[in-house]
Amino acid sequence: MKFPIFAALTLAVASAYPSAAVAQSNEELLKELRALRDRVNQLEERLKANEAKPAAPAAAAAGQWGMTPQQAQDFNRIAVKTEALEDSMEAFGLKNLKISGYMDPSYIYNRNQNRAGFQFLNNVANGGYHYDNSYIGTVALDLLKETEGGTRWHLTLSPNRGTDAVIGNGSVIQEASVSIPLGDLQTRLIAGHMPDWSGYEMLQPTLNKLVTHNLLFDFTLPTAYTGAGLELTSGKWITKAVLANLNASMLPAGEKSPVIAYRVDYAKGEFDGFGFAGVHGKAANGIGGTGSTMLNLFEVDGYYIRGDWTMQGQVSYGGQKQASISPNPDTGALRNSEWWGLSGLLAYKINPRFETVGRFDYLKNSKNGGGLLGFGADARNGIGPTMTGRDGDTGDLLLTDTERGANRMALALGINYLYDLNTTFKLEYRYDRADRSVFELVKDGSFSKSNNLLGASVVVKF
């Protein structure tokens, strides 16, 4: 019986430590193996001696694991209470339920809008969606429940600032989705109302290093999908694809075609990765009352973190039929819009609490007078041809050089202070510029090529 054990140990040592076996002489290795054999023999003798002892009496068994009888009773009471708590949590639906949330009361100063003040839970219906309100000043409650079978139930509520409020339905829903495993946890059916997954920036202020969002996030990406599809995980790759209504919980009468939206991510690890996403299909067109027209969007984004440095970037391309601001000057027919843009962010941690952030965005939108995803001429966002004033009767913008839209850029500089693990203070200065006079100065009604913005917020999460 001893020889097989000794032989097995010899093979194990030789296979586990080949470099050591080469380095030592045969004589030294033989000595070590003999010593190991002796220790194994001693262990076998002790095991035989223990097996020969009579069984312990029942009274001694009560003090198992070195506990006294009183300690064993206390242990049993704790075990019973723990099981009761687990049963109670399961009965009330609290088992595998994660509740989290965040809020970010903010202060925004916009020079051209002649506005400065606190911003929190402002209704999107009051003035629409702009880069200086975006998803700034919001609160959200997130509930994620996972069943024993692996199905995930996800609901996020966000009054006035959620995705459903932004696209015009006015409800508090930001996300309401299910993820159901099909055979294994790596293949899932996903369905419901889901925020768009494009770009390196996210809706949540907890995942956005600055107060405002980049130009591509605000003007070239969808808001949400309502539909169903699949999520596949294979090693370091994650793929999601859905057939869905774009920015609508229900399609209007006469519309029957959903879009196809997809995203593919590759993560080498926690600190670097990339992804790409696309949307193709008919989407609402706000130009000329044309209903829905063909839309194509595509973007690539990535991140890289090393030590105190963080880099994020995105490149996007998009176009929509009959969605440009300026019609054909000869026929009056609506023309196609087209744009491309890029965004890059660089952050550096001065120390574990202070982080400096810089972001630069560029958006080329000159074709046919401009026009972005759902946006026409807009003197607050700086979209469209050169603007000279407003019609005295209708208030409509007066446009010149209508064949060419403004190309936009934005530079944002900020600093973050991590007060504790749940609280972050943010401060940002942002400079927006266009190559056309497209920013309205509300104070005197004139138009400028640039604008300045200051933002501050406190982000609290749990």
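Quickly run through segment 262-290 and pick out the residues that are at pLDDT 95 or above, open to solvent by 40 Å² or more (accessible area, probe 1.4 Å) and either over 14 Å from the mean Cα position of the chain (by Cα) or more than 16 Å from GLN314 (Cα to Cα) (or both).
Result: TYR262, TYR266, HIS280.
Which of (1) over 22 Å from the mean Cα position of the chain (by Cα); (2) of a type outside the set (Asp, Glu); (3) under 21 Å from TRP339 (Cβ atoms) does GLY392 not meet, given it meets every other one?
Going through (1) over 22 Å from the mean Cα position of the chain (by Cα); (2) of a type outside the set (Asp, Glu); (3) under 21 Å from TRP339 (Cβ atoms) one by one, GLY392 breaks only (3).
Given the conditions (1) open to solvent by 20 Å² or more (accessible area, probe 1.4 Å); (2) of a type in the set (Lys, Arg); (3) over 15 Å from SER366 (Cβ atoms), which single one is not true for ARG436?
(3)
Taking segment 162-181, which residues are aliphatic (A, V, I, L, M) and free of Cβ contacts under 8 Å to residues at least 24 places away in the same chain?
VAL172, ILE173, ALA176
Looking for whichever is surrounded by 14 or more Cβ atoms within 10 Å (Cβ to Cβ) and either out of contact with any Leu (no Cβ under 9 Å at 6 or more places or on another chain) or not in a loop (DSSP other than H, G, I, E, B) (or both) here; the options are ASP164, ASP132. Which one fits?
ASP164
With respect to the numbered conditions (1) open to solvent by less than 40 Å² (accessible area, probe 1.4 Å); (2) at pLDDT 90 or above; (3) under 19 Å from GLY101 (Cα atoms); (4) not charged (D, E, K, R), which one is the sole condition not fulfilled by SER171?
Going through (1) open to solvent by less than 40 Å² (accessible area, probe 1.4 Å); (2) at pLDDT 90 or above; (3) under 19 Å from GLY101 (Cα atoms); (4) not charged (D, E, K, R) one by one, SER171 breaks only (2).
Identify the residue in segment 194-219 that is touching a helix residue (DSSP H, G or I) at 6+ places or on another chain (Cβ under 7 Å) and surrounded by fewer than 24 Cβ atoms within 10 Å (Cβ to Cβ) and, among all such residues, is nearest to TYR135 (Cα to Cα).
PRO195
Quick one: in segment 149-161, which of the residues that are without any contact (Cβ under 8 Å) to a residue 40 or more places away in the chain and assigned to a loop (DSSP other than H, G, I, E, B) is farthest from ASN123 (Cα to Cα)?
This residue is GLY149.
Could you check, for segment 362-375, whether at least one of its residues is over 19 Å from LEU295 (Cβ atoms), modelled with pLDDT under 95, open to solvent by 20 Å² or more (accessible area, probe 1.4 Å) and part of a loop (DSSP other than H, G, I, E, B)?
Looking through segment 362-375, none of the residues is over 19 Å from LEU295 (Cβ atoms), modelled with pLDDT under 95, open to solvent by 20 Å² or more (accessible area, probe 1.4 Å) and part of a loop (DSSP other than H, G, I, E, B).
For residues that are polar (S, T, N, Q) and either part of a strand (DSSP E or B) or open to solvent by 50 Å² or more (accessible area, probe 1.4 Å) (or both), scanning just segment 95-118, find the one that is farthest from PHE439 (Cα to Cα).
Restricting to residues being polar (S, T, N, Q) and either part of a strand (DSSP E or B) or open to solvent by 50 Å² or more (accessible area, probe 1.4 Å) (or both), the top hit is ASN96.
Of the residues in segment 320-344, how many are open to solvent by 10 Å² or more (accessible area, probe 1.4 Å) and without any contact (Cβ under 8 Å) to a residue 60 or more places away in the chain?
14
Which members of segment 376-401 meet the condition of being in a loop (DSSP other than H, G, I, E, B) and under 28 Å from GLU299 (Cα atoms)?
GLY376, ALA377, ALA379, ARG380, ASN381, GLY382, GLY384, PRO385
Select from segment 379-391 the residues that are within 18 Å of LYS443 (Cβ to Cβ), open to solvent by less than 80 Å² (accessible area, probe 1.4 Å) and without any contact (Cβ under 8 Å) to a residue 60 or more places away in the chain and list them in ascending order.
GLY389
Do we have any residue at all in segment 345-358 that's basic (Lys, Arg), open to solvent by less than 20 Å² (accessible area, probe 1.4 Å) and assigned to a strand (DSSP E or B)?
No.
Could you list, in sequence order, all residues of segment 390-436 that are over 26 Å from ILE136 (Cβ atoms) and among the polar types (S, T, N, Q)?
Scanning segment 390-436 gives THR394, THR400, THR402.
The values are calculated or read from the model by the stated rules, or taken from the named source; none is laboratory data. Quick caveat, the model's predicted, so the values are computed rather than measured. Note that each Cβ is placed from the backbone with ideal geometry, even for glycine, and that neighbours are counted across all protein chains shown. Accessible surface is based on the protein model in full, side chains and every heavy atom, while ligands, DNA and RNA are left aside. Shrake-Rupley method; radii C 1.70, N 1.55, O 1.52, S 1.80 Å.
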